[in-house]
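One structure below.
The values are calculated or read from the model by the stated rules, or taken from the named source; none is laboratory data. None of these values were measured; they are calculated from a predicted model. Every residue, glycine as well, gets a Cβ built from its backbone with ideal geometry; the counts of neighbours run over all protein chains shown.
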Amino acid sequence: MSDGPADEHGVPLTGREALLFEAGVKLGGVFHQYLGTPVSETTAKGLAQTIEHAVRLQPYVASIRVRIDPARGGPTGKGRFGYRYLIAEMLTVAVTLTDGETTVHAELAHRPDLRYPLMRVVDVTTGATTARRSARRRGRPARRTGRSAGSTGGPGTPRARAPSSRRRGSRRTRA
């Protein structure tokens, strides 16, 4: 069993380098998997939440926030064709990955001055508290606190969960 992302690569990487690589993978995945998805004012929030839920399944993700602004797209069709497709200009993503004492904050945001969807590292910190240790290292899912656009409570507010009939640990399939 590995201790972190650096142990998953075929070449020697520091934990910091491996976590930065993982952040790029997460943002690149969101960008290239979801562009072209039909979206409207009424479905943007749900699509953002779906993307968040999908990315949270991946290793080292401590939080993710996706915002989709359909108004940044071109004209919509009429009637049942009244939607746009997701384009880079609509999408803003912030992701935080944590492993051990290292935390990486990265983002994807369209830069009008560059006419480009820029993925960038916002911050890297080392020396985080025990509470921020990798959930994978502890062998259980991380507590998710990221909020989607339009949700109440603001960033960092834990989600209220209804009682589940699922057995503990059945949410994810372990590889």
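Checked against (1) without any contact (Cβ under 8 Å) to a residue 12 or more places away in the chain; (2) in a strand (DSSP E or B), ARG67 passes all but a single condition, namely (1). Checking the stated criteria, ALA23 turns out not to satisfy the condition of being modelled with pLDDT under 95, of a type in the set (Gly, Ala, Ser) and outside any loop (DSSP other than H, G, I, E, B).
Just wondering, is there one or more residues in the stretch 48-62 that are more than 19 Å from the chain's Cα centre (by Cα) and aliphatic (A, V, I, L, M)? Walk me through it before giving the result.
First, pick out the residues of the stretch 48-62 that are more than 19 Å from the chain's Cα centre (by Cα): none.
No, the conditions are met nowhere in the stretch 48-62.
Listed here are the residues, each with its yes/no results for (1) of a type in the set (A, V, I, L, M, F, W, C); (2) at pLDDT 95 or above.
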site: GLU52; (1), (2): no, yes
site: VAL66; (1), (2): yes, yes
site: ARG84; (1), (2): no, no
site: VAL104; (1), (2): yes, yes
site: SER134; (1), (2): no, no
site: GLY153; (1), (2): no, no
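Does GLN33 satisfy the condition of being assigned to a helix (DSSP H, G or I), surrounded by fewer than 19 Cβ atoms within 10 Å (Cβ to Cβ) and touching a residue at least 40 places away in the same chain (Cβ under 8 Å)? Answer is no for this residue. In the stretch 102-129, the residues that are closer than 19 Å to VAL30 by Cα and free of Cβ contacts under 8 Å to residues at least 12 places away in the same chain form Cβ pairs under 6 Å with partners that are part of a strand (DSSP E or B) and of a type in the set (A, V, I, L, M), at six or more places apart or across chains, as follows: ARG111/LEU118. Tell me, please, whether a residue that is touching a Ser or Thr at 6+ places or on another chain (Cβ under 7 Å), farther than 26 Å from ASP7 by Cα and in a loop (DSSP other than H, G, I, E, B) can be found in the stretch 85-107. Yes.
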